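Structure first, then comments.
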Amino acid sequence: MKAIQNMLTIKEEYPEIIDAYEKAGGNKEAFTSKEVASLVVHESRVLSANQVEGIRLKSEQKKQGVAIELTVEEGRKIKYPVYLCFGILPKEGLQEIDLKINIQDYAEVSIIAHCIFPNAVNIIHKMDADIKIGNNAKFYYSEIHYHGDFGGIKVIPRAKIEVGEKGEFQNTFSLIEGRVGKLHINYEVTCAAKSVVEIVAKVYGKEDDVIKMFDRVNLNGEGARSLIKTRVVPTDRSWSEVTGETYANAAYTRGHMDCMEVVIGKQAIAKSIPILVATNDKAKVTHEAAIGSIDKKQMQTLMSRGLDEDEAVDVIVKGILR
Amino acid sequence: MTLDDKPIIDDLNLHVEKGEIHAILGTNGTGKTTLAYLIMGVDYLPDDGKVIFEGEDITRYPISQRANIGITLAWQEPARFEGFTIREYLELTNELKIGEIEDCLWAVGLPPSQFFNRAVDASLSGGERRRVELASVLAMKPKLAILDEVDSGIDVVSLPHIINGIVKMKSLGSSVLLITHNEDAVEMANRASVLCAGKILKTGSPKEMCQWFRQNCQVCDHINMPE
């Protein structure tokens with residue numbers, strides 16, 4: 001695995017993927033600033049990369065993807081978010097990303113990752129992440145997907161995350177523009193004492209999209225806290241299943257799961273499977289879920305302001321997924 | 001209008017004058033909210049009778065059509081919305097200048113700098129949410145605002161802000177149907193009516209109606225049955 005040189009830019013694919021990135025809502029200026037750590041991967045090629053002081057970024061091209069190691073050095077608080085862009089522009093392809101992230105003790109960083117497959121007809125995108133967040137470290141990870149309008153994609157993100165004592169981890173996954181295709185998320189987070197974890201996912205299913213999300217949090221350290229929040233809107237013939245598991249295994253741990261799935265259309269299906277386990281008599285896990293139709297009162301309220309039924313649905317859905 | 005064969009609104013005649021605040025007094029369960037819903041077109045249709053607005057029979061109009069001709073409702077328990085701000089909520093149907101939104105918030109005692117970008121979700125207290133509801137009605141500049149117990153459960157500090165919002169509504173030319181239990185709120189009305197068991201029993205000056213309501217309705221044993 002080699003260290004990435006600053007501002008390495010290769011191939012004519014670069015402007016194309018940056019253009020797609022911008023169309024998907026990304027901030028392309030981030031990839032031209034020397035002060036911002038960034039990485040652009042198209043298929044199995046690293047097109048550009050930049051690292052900043054306090055971050056060590058390594059990559060290795062593999063047959064069907066890229067292995068990436070990102071380390072934030074102890075005590076470093078990275079001023080600007082790290083921007084990552086993964087994508088495939090052709091209609092077909094396979095991309096496997098092995099991601100190892102190590103946020104050392106007392107370090108702090110945000111990552112904004114875009115995964116872009118605007119023309120996907122037959123694409124598989126897999127991501128296997130192994131994330132270690134040190135003691136008193138803070139890591140905020142935001143992942144935004146755009147898959148185009150054809151739905152021909154399978155996305156399989158898997159992550160194992162360990163959060164150290166008093167560490168903080170926030171993860172936001174968003175797939176609300178274009179089609180989903182088939183999505184199968186699998187995250188497992190293990191929390192040490194007094195750590196705080198928040199996992200948020202927002203997904204908008206259309207046509208025959210399939211959404212399957214599995215989040216598990218192990219609150220193993222005393223006083224650890226977690227929130228799993230999911231907002232899924234399956235429409236048309238799409239199908240969603242959200243499984244949230246929280247295991248409160250130590251004293252004074254607090255876990256909460258908040259699941260909202262709004263079904264729009266007679267053939268759309270939403271399923272929620274909450275699993276709450278407390279193995280300590282001083283622990284507490286709670287759950288709230290709303291599955292089914294759009295809230296009638298919200299609809300009537302918006303209609304009493306002059307919106308018609310379709311406009312009201314649109315406003316409510318946009319709000320939920322924002 | 002009946003519900004499970006029980007008359008909820010029965011032989012009711014109510015006329016709200018243009019530009020007036022008309023208060024409706026009534027104990028719990030007398031049909032106040034049902035009356036508000038009938039006028040707004042929410043949930044119920046009358047078995048008989050008509051809802052006339054500016055000479056137009058709107059009895060069968062859907063909610064949004066009624067809103068688009070100038071009627072709106074401030075809900076007793078307003079819905080919460082994820083993901084959009086008070087500013088966006090106030091701008092739902094009207095493109096407003098920032099100053100206009102600020103005016104609406106100030107009118108109900110919500111400092112814009114603190115509330116402009118707050119979400120209209122569960123993070124607002126009950127009183128704040130009701131005041132946001134009132135501000136959003138103000139922003140709509142309706143011809144008829146139906147206010148369904150917007151002062152209910154409001155603390156004494158917030159109540160003057162609610163009253164101020166209603167006064168502002170009138171000053172902007174709206175007619176107001178003010179459903180309330182609060183005599184302080186009734187006092188600002190031009191007229192008041194007493195509702196009991198789905199009937200308007202009396203209409204008169206706010207002072208007279210409050211007195212009559214105190215002497216008759218609040219000691220009435222038979223809720224939902226007029227004397």
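The values are calculated or read from the model by the stated rules, or taken from the named source; none is laboratory data. Everything numeric in this text was worked out from a predicted model, so none of it was measured. Cβ atoms come from the backbone with ideal geometry, glycine included; neighbour counts cover every protein chain shown.
Mind checking whether some residue in the range A:160-168 is over 30 Å from A:E222 (Cβ atoms), among the β-branched types (V, I, T) and out of contact with any His (no Cβ under 9 Å at 6 or more places or on another chain)? Reasoning before the result, please.
First pass over the range A:160-168, keeping only residues over 30 Å from A:E222 (Cβ atoms): none.
Checking the range A:160-168: not a single residue is over 30 Å from A:E222 (Cβ atoms), among the β-branched types (V, I, T) and out of contact with any His (no Cβ under 9 Å at 6 or more places or on another chain).
Here is a yes/no grid of residues against (1) more than 20 Å from A:A67 (Cα to Cα); (2) modelled with pLDDT of 95 or more; (3) not in a loop (DSSP other than H, G, I, E, B):
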{"position": "A:P118", "(1), (2), (3)": "yes, no, no"}
{"position": "A:D128", "(1), (2), (3)": "no, yes, yes"}
{"position": "A:N136", "(1), (2), (3)": "yes, yes, no"}
{"position": "A:R158", "(1), (2), (3)": "no, yes, yes"}
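Does A:Y247 count as touching a residue at least 60 places away in the same chain (Cβ under 8 Å) and not aliphatic (A, V, I, L, M)?
no
Does the range B:143-153 hold any residues that are outside any strand (DSSP E or B) and within 16 Å of B:A107 (Cα to Cα), and which are they?
Step one: of the range B:143-153, the residues outside any strand (DSSP E or B) are B:143, B:149-153.
Answer for the range B:143-153, where residues must be outside any strand (DSSP E or B) and within 16 Å of B:A107 (Cα to Cα): B:V150, B:D151.
For residues in the range B:124-142 being basic (K, R) and in a helix (DSSP H, G or I), which is nearest to the other protein chains (Cβ to nearest Cβ)?
B:R129
Of all residues in the range A:69-83, which are in contact with an Asp or Glu (Cβ under 7 Å, 6 or more places away or on another chain) and surrounded by 19 or more Cβ atoms within 10 Å (Cβ to Cβ)?
Selection gives A:I78 alone.
Could you say which residue among A:T230, A:T243 is surrounded by 19 or more Cβ atoms within 10 Å (Cβ to Cβ), at pLDDT 95 or above and within 14 Å of chain B (Cβ to nearest Cβ)?
Step by step, each of A:T230, A:T243 is checked, and only A:T230 is surrounded by 19 or more Cβ atoms within 10 Å (Cβ to Cβ), at pLDDT 95 or above and within 14 Å of chain B (Cβ to nearest Cβ).
What tally of residues in the range B:65-91 results from selecting those that are in a loop (DSSP other than H, G, I, E, B), of a type in the set (S, T, N, Q) and surrounded by fewer than 17 Cβ atoms within 10 Å (Cβ to Cβ)?
Number satisfying all stated conditions: 0.
Of the residues that sit in the range B:38-64 and are in contact (Cβ under 8 Å) with a residue 24 or more places away in the chain and not in a loop (DSSP other than H, G, I, E, B), which one is nearest to the other protein chains (Cβ to nearest Cβ)?
Taking the candidates together, the pick is B:M40.
If I go through the range A:299-322 residue by residue, how many of them are within 16 Å of B:P62 (Cβ to Cβ), without any contact (Cβ under 8 Å) to a residue 40 or more places away in the chain, crowded, with 19+ Cβ neighbours inside 10 Å and touching a helix residue (DSSP H, G or I) at 6+ places or on another chain (Cβ under 8 Å)? Steps first, answer last, please.
Going through the range A:299-322, the residues within 16 Å of B:P62 (Cβ to Cβ) turn out to be A:299-313.
Right, trim to without any contact (Cβ under 8 Å) to a residue 40 or more places away in the chain and you get A:299-312.
Going one step further and asking which of them are crowded, with 19+ Cβ neighbours inside 10 Å, we end up with A:299-307, A:312.
Pick out the ones that are also touching a helix residue (DSSP H, G or I) at 6+ places or on another chain (Cβ under 8 Å) and you get A:299-300, A:302-307, A:312.
Selection size over the range A:299-322: 9.
Just checking, which of A:E162, A:E207 is surrounded by fewer than 18 Cβ atoms within 10 Å (Cβ to Cβ) and either assigned to a strand (DSSP E or B) or on the phi > 0 side of the Ramachandran plot (or both)?
A:E207
Does the range A:254-262 contain any residue that is closer than 21 Å to A:V200 by Cβ, more than 23 Å from the chain's Cα centre (by Cα) and away from chain B (no Cβ under 12 Å)?
No, because not a single residue in the range A:254-262 is closer than 21 Å to A:V200 by Cβ, more than 23 Å from the chain's Cα centre (by Cα) and away from chain B (no Cβ under 12 Å).
I'd like to verify a number: residues in the range A:294-316 that are at the interface with chain B (Cβ under 9 Å from one of its Cβ atoms), assigned to a helix (DSSP H, G or I) and aliphatic (A, V, I, L, M), how many?
Summing the residues that are at the interface with chain B (Cβ under 9 Å from one of its Cβ atoms), assigned to a helix (DSSP H, G or I) and aliphatic (A, V, I, L, M) in the range A:294-316 gives 6.
Under 7 Å between Cβ atoms, at least 6 apart or on separate chains: pull out the pairs that start in the range A:184-205 with a residue that is under 27 Å from A:K271 (Cα atoms) and end on any residue that is outside any strand (DSSP E or B) and among the hydroxyl-bearing types (S, T, Y).
Correct list of pairs: A:G205/A:S238.
Counting only residues that are in a strand (DSSP E or B) and among the basic types (K, R), which one in the range A:55-68 is surrounded by the most Cβ atoms within 10 Å (Cβ to Cβ)?
The residue in question is A:K58.
Those residues that are buried (at least 17 other Cβ atoms within 10 Å of the Cβ), in a loop (DSSP other than H, G, I, E, B) and within 14 Å of another protein chain (Cβ to nearest Cβ), I need them from the range B:92-123; list them, please.
Scanning the range B:92-123 gives B:L92, B:T93, B:L96, B:V120.
Scan the range A:277-293 and tell me whether some residue there is farther than 23 Å from A:E177 by Cα, within 14 Å of chain B (Cβ to nearest Cβ) and either without any contact (Cβ under 8 Å) to a residue 12 or more places away in the chain or surrounded by fewer than 19 Cβ atoms within 10 Å (Cβ to Cβ) (or both).
Within the range A:277-293 (the criterion being farther than 23 Å from A:E177 by Cα, within 14 Å of chain B (Cβ to nearest Cβ) and either without any contact (Cβ under 8 Å) to a residue 12 or more places away in the chain or surrounded by fewer than 19 Cβ atoms within 10 Å (Cβ to Cβ) (or both)), the answer is yes, since at least one residue qualifies.
Residue under question is B:L14, and the condition is that it be buried (at least 18 other Cβ atoms within 10 Å of the Cβ) and away from every other protein chain (no Cβ under 14 Å); does it hold? I'd like the intermediate steps shown before the answer.
Working: buried (at least 18 other Cβ atoms within 10 Å of the Cβ): no; away from every other protein chain (no Cβ under 14 Å): yes.
It is false that B:L14 is buried (at least 18 other Cβ atoms within 10 Å of the Cβ) and away from every other protein chain (no Cβ under 14 Å).
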